[in-house]
């Protein structure tokens, strides 16, 4: 089965469910539209990460979509380190059908230290409820690494290769500048890595042939059983469409059949303890 480790779906911006911010994304990519895009390219299921930029810590739309498509999505919610009751929030999320994890947002501009007490509360609760923690710490890997080392009992999923990725073309002058830091993180046994949004780092047009040499170093360091392929659609929409983010991984000769199966589904199912069911 093919499982996309990161997608974002959302409704149009309306007073009934207003967006917190308005990114350069399509005006809507509903759950039904996301399923149609997945079906068109043979993706069986996806980890639906509730959009932080639009909905912040409100994952109610993700819950609605999972209820409508219970076999196609496992859902992940960003949680708030500044909420003193965040452990209760995580407990309630665990009791919600279809939930497979939580997420913490640690970009450099957040200003959070590795010793942040709210982060500690979240990570302790994640262990209690057996949730993997998706950690966004691109351009802030030193803080992310320290947090991972401080909490060896917590299961982490490193978002987006740990590398800052553009929302619009072109790719940065040195898109893989932090690769050595990412490879060093592979020595931590309590973290796996999302190979998501990789196509946005390409300096060449579709099918993005220049991503494969740096990705080979990721695969060698982390092992395919710890690498979770994903598109990061719709955040990546201004750079690639959904089909363009999927097809290069299906068609490349740089992956064996066994490697592709693990990268594009097996590792994700292991990390989240979830697999899609089209008959649900």
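The values are calculated or read from the model by the stated rules, or taken from the named source; none is laboratory data. Treat the numbers as computed from the prediction; the structure is a model and nothing was measured. Please note: Cβ atoms are built from the backbone with ideal geometry, for glycine as well, and neighbour counts cover all protein chains shown.
If you filter segment 99-115 down to residues that are surrounded by 14 or more Cβ atoms within 10 Å (Cβ to Cβ) and more than 16 Å from the chain's Cα centre (by Cα), you find that the one that is farthest from residue 68 (Cα to Cα) is 114.
Out of 142, 109, one residue alone is at pLDDT below 95, assigned to a helix (DSSP H, G or I) and within 30 Å of residue 166 (Cα to Cα). It is 109.
Only one of the numbered conditions (1) over 24 Å from residue 255 (Cα atoms); (2) loosely packed, with under 15 Cβ neighbours inside 10 Å is violated by residue 204, and that is (1). Here residue 104 clears all of (1) in contact with a strand residue (DSSP E or B) (Cβ under 6 Å, 6 or more places away or on another chain); (2) assigned to a helix (DSSP H, G or I); (3) closer than 21 Å to residue 152 by Cα except the condition numbered (2). Checking 148, 119 one by one, the residue that is under 18 Å from the mean Cα position of the chain (by Cα) and either outside any loop (DSSP other than H, G, I, E, B) or at negative phi (or both) is 148 and no other. Criterion first (over 28 Å from residue 261 (Cβ atoms) and without any contact (Cβ under 8 Å) to a residue 60 or more places away in the chain) does residue 167 satisfy it? In short, no. Checked across segment 215-233, the condition of being under 17 Å from the mean Cα position of the chain (by Cα) and farther than 30 Å from residue 146 by Cβ holds for at least one residue.
Looking at 81, 70, just one residue is touching a strand residue (DSSP E or B) at 6+ places or on another chain (Cβ under 8 Å) and part of a loop (DSSP other than H, G, I, E, B), and that residue is 81. Taking the listed residues 187, 124, the one that is more than 21 Å from residue 98 (Cα to Cα) and either assigned to a loop (DSSP other than H, G, I, E, B) or touching a residue at least 60 places away in the same chain (Cβ under 8 Å) (or both) is 187, with no other qualifying. Taking segment 91-121 as the region of interest, how many residues are under 23 Å from residue 143 (Cα atoms) and in contact (Cβ under 8 Å) with a residue 40 or more places away in the chain? Residues flagged as under 23 Å from residue 143 (Cα atoms) and in contact (Cβ under 8 Å) with a residue 40 or more places away in the chain within segment 91-121 amount to 5. When segment 14-49 is filtered for residues that are in contact (Cβ under 8 Å) with a residue 40 or more places away in the chain and in a loop (DSSP other than H, G, I, E, B), the ones remaining, listed by number, are 23, 24, 25, 26, 42, 43, 44. Summed over segment 48-73, the residues that are buried (at least 22 other Cβ atoms within 10 Å of the Cβ) and more than 22 Å from residue 21 (Cα to Cα) give a count of 4. Could we say that residue 253 is outside any helix (DSSP H, G or I) and over 28 Å from residue 30 (Cα atoms) here? Yes; evaluated as a whole, the condition is true for this residue. Within segment 227-245, take every residue that is in a helix (DSSP H, G or I) and in contact with a helix residue (DSSP H, G or I) (Cβ under 6 Å, 6 or more places away or on another chain) and give me the one that is surrounded by the most Cβ atoms within 10 Å (Cβ to Cβ). Ranking the qualifying residues of segment 227-245, first place goes to 245. Out of curiosity, is residue 172 touching a strand residue (DSSP E or B) at 6+ places or on another chain (Cβ under 6 Å) and either surrounded by fewer than 16 Cβ atoms within 10 Å (Cβ to Cβ) or not in a helix (DSSP H, G or I) (or both)? In short, no. Scan segment 256-264 and give yes if some residue there is modelled with pLDDT of 95 or more, assigned to a strand (DSSP E or B) and either in contact with a strand residue (DSSP E or B) (Cβ under 6 Å, 6 or more places away or on another chain) or within 26 Å of residue 103 (Cβ to Cβ) (or both), otherwise no. Looking through segment 256-264, none of the residues is modelled with pLDDT of 95 or more, assigned to a strand (DSSP E or B) and either in contact with a strand residue (DSSP E or B) (Cβ under 6 Å, 6 or more places away or on another chain) or within 26 Å of residue 103 (Cβ to Cβ) (or both). Does segment 171-186 contain any residue that is modelled with pLDDT under 95 and under 19 Å from residue 248 (Cβ atoms)? Within segment 171-186, one or more residues are modelled with pLDDT under 95 and under 19 Å from residue 248 (Cβ atoms).
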